[in-house]
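Since the structure comes first, as structure tokens, the remarks are kept for the end.
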Amino acid sequence: MASPRAGAEAQKAALRQEFGGWTIICTSDTGRWWATRASLVSEDLSRVEGATLDADTAEGLRLKLREHSRAEAARR
């Protein structure tokens, strides 16, 4: 049976593949999931709309990333 960490790494890899412009993080102490736009990491992320997203689960983060992608596409 795979360890929880191995499972999280597999989920991160899948999210990174689907959302290539984002850095995916899962914190081991809280189990919380984060996505940060790789191109915006050096900026003050709190001031850039849509620069970071977070969720309690990998699937929750996937849903937020998809929703964000659709909203960005609609603005173009």
**Prompt:** Put a dot 7 Å past each Cα toward the Cβ at Ile25 and Glu67; how far apart are the dots in nm?
**Reply:** 2.1
**Request:** List every residue whose amide H lies under 5 Å from the amide H of Arg32, counting only residues 5 or more places away in sequence or on a different chain, with H placed 1.01 Å from N in the peptide plane.
**Result:** Thr27
**Request:** Excluding Leu65 itself, calculate the net charge of residues whose Cβ lies under 12 Å from the Cβ of Leu65, where each Lys or Arg counts +1 and each Asp or Glu counts -1.
**Result:** +1
**Asked** What full-extension length gain, to one decimal in nm, is calculated for Ala10 and Thr57 as 0.36 nm per residue of separation minus the Cα-Cα distance?
**Response** 15.6 nm
**Message:** Suppose the chain between Arg75 and Thr36 were pulled fully straight at 0.36 nm per residue; how much longer would it get relative to their current alpha carbon spacing?
**Reply:** 12.1 nm
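Quick note: the coordinates plus some simple rules give every number you see, no bench work behind them. Fair warning: this is a prediction, and the values are worked out from it, not measured in the lab. FYI the Cβ positions are ideal-geometry reconstructions off the backbone, even for glycines, and counts take in every protein chain you see.
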